1. Counting just the residues of segment 425-439 that are surrounded by fewer than 24 Cβ atoms within 10 Å (Cβ to Cβ) and under 19 Å from Val393 (Cβ atoms), which one comes out farthest from the chain's Cα centre (by Cα)?
2. When segment 313-327 is examined, which residues are found to be at positive phi and crowded, with 22+ Cβ neighbours inside 10 Å?
3. Which of the strands (runs of 3 or more DSSP E) found entirely inside segment 1-52 contain at least 1 residues meeting this: modelled with pLDDT of 70 or more, buried (at least 19 other Cβ atoms within 10 Å of the Cβ) and not charged (D, E, K, R)?
4. Considering only segment 363-382, state which residues are hydroxyl-bearing (Ser, Thr, Tyr) and at pLDDT below 95.
5. May I ask you to list the residues in segment 118-172 that are modelled with pLDDT under 90, assigned to a loop (DSSP other than H, G, I, E, B) and not hydroxyl-bearing (Ser, Thr, Tyr)?
6. Using the structure shown, decide if Asp215 is part of a loop (DSSP other than H, G, I, E, B) and either outside the structural domain of Val291 (by TED's automatic domain parsing) or closer than 19 Å to Trp456 by Cβ (or both).
7. Only one of these is touching a His at 6+ places or on another chain (Cβ under 8 Å) and touching a residue at least 24 places away in the same chain (Cβ under 8 Å): Ser201, Ser189. Name it.
8. If you go through segment 260-273 one residue at a time, how many are more than 12 Å from the chain's Cα centre (by Cα) and part of a strand (DSSP E or B)?
Amino acid sequence: MPIGDTLGGFIRPGYNPLLVTDAPTIGAASESGDDGISIAFTAPSDVGGGAITGYTATARDTVSGVTFAGTGASSPVTVTGLTKGQTYTVTVSATNAYGPSGGSAASNSIAIFNGAALWMWGRNSSGMLGDSTFTNRSSPIQVGALTTWSHTGGGAFITMGLKSDGTAWSWGSGGYFQSGRGTNDNTSSPNQIGALTKWVSISASYNNVAAIQSDGTMWCWGMGNYGGNGQGNTSNYNSPVQVGVLTDWLQASSGYYSCVAVKTDGTLWSWGRNNQGQIGDGTTVNRSSPVQIGALTDWAKVSRIYFTTGAIKTDGTLWMWGENNYGQLAQGNTTDKSSPVQVGALTDWLEISAQYTHTMALKTDGTIWCWGSNTQGAVGDGTTTSRSSPVQVGALTTWSRISAGWKSSYGLSTGGTIFSWGLNQFGELGLNNTTYYSSPVQVGALTTWVRLGQIWRAAGAVK
């Protein structure tokens with residue numbers, strides 16, 4: 001008789017009750033040495049027909065898709081050979097004498113790998129540069145002396161930061177309830193958000209913040225107008241509040257009173273303001289709780305800012321919806337869309353960064369493409385002509401990261417150099433001047449940058 005289980009008198013092929021039936025449950029993922037992640041987990045309760053003989057942990061690079069593996073006899077298991085500053089999705093499987101279990105149920109656990117020094121520049125009217133002043137800076141300045149920062153980004157007059165120990169920090173204006181510290185005060189240096197050490201991603205916009213913890217839970221705070229906090233109401237929150245009870249959130253991006261997110265099952269969800277169709281459900285009705293966008297399960301990455309949303313599927317196709325006043329949906333027109341529409345027919349899109357009036361995207365061949373408003377040169381094609389279809393930025397094929405700012409753009413090369421272009425009113429390009437540029441210009445001479453972050457009229461990076 002074949003191995004299987006009986007269901008209504010029939011054998012279900014492919015099911016082996018001798019295998020490890022349950023998958024391990026992931027706990028915290030922490031930095032290990034200079035190139036590794038240590039992944040903690042709880043052993044399965046059902047081990048099938050034999051004792052567990054070992055565990056395999058994998059870490060998947062969320063940009064390139066390359067997977068690294070490590071093995072061990074018990075928790076934790078370490079995966080090495082990783083890249084400083086990169087983000088990895090981690091899973092753990094258990095093996096007994098009859099074979100392996102499936103991947104851990106908590107495969108949504110995203111490890112922000114390694115820390116570095118944080119540098120910022122640009123507008124500083126509310127202290128969002130974190131240097132204990134309110135002075136604008138047109139060149140990068142270091143924020144404190146710590147080298148444990150893993151991520152930075154922000155919204156209107158406020159900056160968010162994550163450290164490699166899983167703590168979350170904010171500084172700048174708290175006037176839109178987005179500080180996350182239970183106050184609405186301004187501060188010009190980093191202050192910790194609560195005491196938790198399991199934050200793995202954070203996205204801030206004009207007045208809302210969305211963050212995910214290592215257990216896959218989603219948390220929001222900020223102004224609640226239009227339901228942007230996902231709580232089924234329009235209340236303001238100046239401390240993190242959990243969005244529902246689910247533990248399968250993978251990635252989120254906050255917009256203007258709204259948010260869009262992807263789950264580990266590849267489904268797409270959105271909530272908040274919907275005046276331009278940015279929710280993507282085919283309506284312009286505001287949603288105060290997450291609603292699923294369509295029924296597809298192949299969404300991989302999302303980006304929203306203000307009223308425009310962009311997303312990439314697992315097949316490498318690019319989709320956009322929402323406001324299109326400046327051609328930022330790349331449809332060759334300026335018509336708003338309330339449901340996702342594909343950008344061309346290509347299947348080699350890797351990253352997307354949407355902003356108020358323009359959009360940036362990175363392809364697998366290392367090229368950057370931009371479109372939308374170009375009055376300040378943010379498209380980067382050497383002109384100030386707005387574009388409603390993607391245009392390549394220069395001829396380089398060595399770009400590794402992108403970040404769209406307020407009418408400005410930033411790119412990080414594989415060689416560790418940062419380039420910027422577009423609006424530069426407050427020195428937000430980091431070029432030691434306030435000159436606008438319509439083509440990429442290198443920020444300093446350093447080649448050790450590993451991550452970019454954009455704040456309203458300012459920027460930050462770690463190295």
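1. By that ranking, first place goes to Thr435.
2. Gly322, Gly327
3. So the answer is 25-32, 36-42.
4. Selection gives Thr364 alone.
5. Leu146, Ala156, Phe157, Asp165, Gly166
6. No, not satisfied.
7. Ser201
8. Residues meeting the conditions: 6.
The values are calculated or read from the model by the stated rules, or taken from the named source; none is laboratory data. Remember, predicted model here, so these are calculated numbers, not experimental data. With ideal geometry, Cβ positions are generated from the backbone for all residues, glycine too; neighbour counts draw on all protein chains shown.
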